[in-house]
1. Figure the gain on full extension for Ile303 and Asn80 (residue separation times 0.36 nm, minus the Cα-Cα span) and round it to one decimal in nm.
2. Would you mind checking which residues have amide H under 5 Å from Ile239's amide H? H placed 1.01 Å from N; only 5 or more apart, or other chain.
3. If you plug each phi of segment 43-56 into the Karplus form 6.51 cos²θ - 1.76 cosθ + 1.60 with θ = phi - 60°, what whole-Hz ³J(HN,Hα) values come out, in order, with x for Gly and Pro?
4. Which whole-number percent is the relative contact order of segment 143-319 (Cα, under 8 Å, 6+ apart)?
5. Greater than 25 Å separation of Cα atoms is the criterion. Which listed pairs, Lys249/Lys273; Lys133/Lys249; Lys131/Lys222; Lys133/Lys273; Lys138/Lys273, meet it?
6. Would you kindly state how much longer the chain becomes between Asn171 and His189 on full extension, computed as 0.36 nm times their sequence separation minus their alpha carbon distance, in nm to one decimal?
7. So how much slack lies between Ser254 and Met54, counting 0.36 nm per residue of separation and subtracting their Cα-Cα distance, in nm?
8. Cut-off 19 Å, label point 7 angstrom out along Cα-to-Cβ of Thr263: give me the residues of segment 178-208 whose amide nitrogen falls inside.
Amino acid sequence: MPDNENTAAEIASCNSFAELLKTVTDDDICEVTEEWLQSRREEKRHKIIRYAMMSFFALVAVISVISIVKTLVGYKQAENFYSDMYAYLDDGEGSVVSATAKISLLDSFGTVNGPKGSGTAVYNQMFVRMKTKILSLKEINPDIYGWIMVPGTENINYPVLQGSDNSYYLNHEYTHGYMQAGSIYADYHCDRDVLRNFHTVLYGHNMQNNMMFSEIIKFLDKDFFDTNEYVYLYTENGIYTYRIFAVYKTDYRSGYVETGFPTEQDFINFANKMRSDSLYVRDGIEFNENSRMITLSTCTNGIQTDRYCIQALLVDVYEQ
């Protein structure tokens, strides 16, 4: 019968194994030595380290992917937000600028000290246009400080805010929503009246999609520095034209954003020091007790404490 045959085979196999055990000597059995145990422990330790490293690198990869996705989403959010803002402030037909913020176009707005070749009518129109934008945004958020524009760049054309510290608008936009790109904002130590500041300081992120203050790095190129000289700061009081005299990389602790000066001479010494730090020289730049300057500062996306900046001397004023 088949079952009996299987049983007989199993018994025979067991008997053979038992006979084999009788012939095993001490030399045939591996001695468990301390060296062998140490080898097993080392093997186990290496295996644990290997698995831990694999887990670590897998975690780093996941975090990196999440960070990249978060950054891209942040960039897209900023692009959409500012695109919507420009559409909102469009002063062409179909503008949705608040009617209460509109300014009548008058024939004259005070004394004109604009760049050579500028006309009163042109400055009137530009002032009205920018003041309308500023007041329209100020209805939404009274922290609106003004508007910054740098000719020669593609994107430095933003409203400027000023909070009660230098942190809030680092990651908030003018409607108070959280946004990775944040806003362009004035140092909270600066006066709202630009002419009362020896030194007006503006901050903005260095975004990889050319937004905010990322284009400051273009001025590190001498040809770009030589052919692009001006910064325009608009407020509800006037248009302030600054001539760029310095560009360099520095440490945020170096004092380049100092805003408080005990005496006029202290400011003059500071301004001359900033000019001497520049990578390039701009002819015709002199400082005195009536001088005013502006700094646009951004991070380098490298060492955390490093900053890029451009600095400019106030050369023309158009006020209401």
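1. That works out to 77.4 nm of additional length.
2. Those qualifying (amide H under 5 Å, at least 5 residues apart or on another chain) are Tyr318, Glu319.
3. 4, 5, 5, 5, 5, 5, 4, 4, 5, 5, 5, 4, 5, 4
4. 23
5. Listed pairs above 25 Å: Lys133/Lys249; Lys131/Lys222; Lys133/Lys273; Lys138/Lys273.
6. 4.6 nm
7. Going from the current span to full extension adds 67.8 nm.
8. Within reach of a label on Thr263, which here means backbone N under 19 Å from a point 7 Å along Cα→Cβ, segment 178-208 contributes 198-199.
Every read-out reported here was derived from the displayed coordinates using simple, explicitly stated rules and does not represent laboratory data. Please read all numbers here as calculations on a predicted model, not as lab measurements. Cβ sites come from the backbone with ideal geometry, for glycine too, and all protein chains shown count toward neighbours.
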